[in-house]
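> First, the structure itself, so that you have it in front of you.
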Amino acid sequence: PALSYTWIFNNTTLDVEEDSRRFVSQATGNLYLAKVEPWDVGNYTCAVSSAQAQRRVWGPPTALTLRGDGVMGEYEPKIEVRFPETTYAAKGSSVRLECFALGK
């Protein structure tokens, strides 16, 4: 069944379409934040829903805090590509493949 992922920040649903710094992968459910700011500090909760099952569940909240020293260490660039070996699509349908590059 198709799953849909939403993130809640401090009890308010994140509107990632209006915020270019945040992205939710509908393939993995991961939330990506670019250039973390002090106002990003708080609790993040993932909600997964299935229209077919008519059900929605929430994960436990995850707290985001800023380090006082501002140092996160050096991270090697990392490219993640997670495609299935074969992707099937009906003629005329749309296909979405996701690729992410992470690093400093």
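The values are calculated or read from the model by the stated rules, or taken from the named source; none is laboratory data. As the structure is a computational prediction, the values presented were derived from the model and not from experiment. Cβ placement follows ideal geometry from the backbone for every residue including glycine, while neighbour counts extend to all protein chains displayed. All accessible areas refer to the heavy atoms of the entire protein, side chains included, with ligands and DNA or RNA removed. Shrake-Rupley method; radii C 1.70, N 1.55, O 1.52, S 1.80 Å.
> Residues being hydrophobic (A, V, I, L, M, F, W, C) and within 19 Å of residue 10 (Cα to Cα): count how many of those fall in segment 48-71.
Filtering segment 48-71 for residues hydrophobic (A, V, I, L, M, F, W, C) gives 48, 51, 53, 57-58, 63-64, 66, 71.
From what is left, the residues that are within 19 Å of residue 10 (Cα to Cα) are 48, 57-58, 63-64, 66.
Looking only at that region, the number is 6.
> Let me ask something additional. Determine whether residue 65 is of a type in the set (Ser, Thr, Tyr), modelled with pLDDT under 80 and surrounded by fewer than 10 Cβ atoms within 10 Å (Cβ to Cβ). Give the derivation first.
Details: of a type in the set (Ser, Thr, Tyr): yes; modelled with pLDDT under 80: no; surrounded by fewer than 10 Cβ atoms within 10 Å (Cβ to Cβ): yes.
Judged against the criteria, residue 65 is not a match.
> Something else about it: Please go through segment 39-62 and give me each residue that is among the hydroxyl-bearing types (Ser, Thr, Tyr) and either more than 16 Å from the chain's Cα centre (by Cα) or within 16 Å of residue 25 (Cα to Cα) (or both), ordered by number.
Narrowing segment 39-62 to residues among the hydroxyl-bearing types (Ser, Thr, Tyr): 44-45, 49-50, 62.
Those that are among the hydroxyl-bearing types (Ser, Thr, Tyr) and either more than 16 Å from the chain's Cα centre (by Cα) or within 16 Å of residue 25 (Cα to Cα) (or both): 44, 45, 49, 50.
> Do we have residue 3 as over 8 Å from the mean Cα position of the chain (by Cα) and open to solvent by less than 50 Å² (accessible area, probe 1.4 Å) here? Before the answer, list the steps.
On the way: over 8 Å from the mean Cα position of the chain (by Cα): yes; open to solvent by less than 50 Å² (accessible area, probe 1.4 Å): no.
Spelling it out, it is not the case that residue 3 is over 8 Å from the mean Cα position of the chain (by Cα) and open to solvent by less than 50 Å² (accessible area, probe 1.4 Å).
> Which condition number in (1) among the basic types (Lys, Arg); (2) modelled with pLDDT under 80; (3) not in a loop (DSSP other than H, G, I, E, B) is the one that residue 104 fails?
All conditions pass for residue 104, except number (3).
> I'd like to check something: does segment 6-20 contain any residue that is open to solvent by less than 40 Å² (accessible area, probe 1.4 Å) and either assigned to a loop (DSSP other than H, G, I, E, B) or in contact (Cβ under 8 Å) with a residue 60 or more places away in the chain (or both)?
Within segment 6-20 (the criterion being open to solvent by less than 40 Å² (accessible area, probe 1.4 Å) and either assigned to a loop (DSSP other than H, G, I, E, B) or in contact (Cβ under 8 Å) with a residue 60 or more places away in the chain (or both)), the answer is yes, since at least one residue qualifies.
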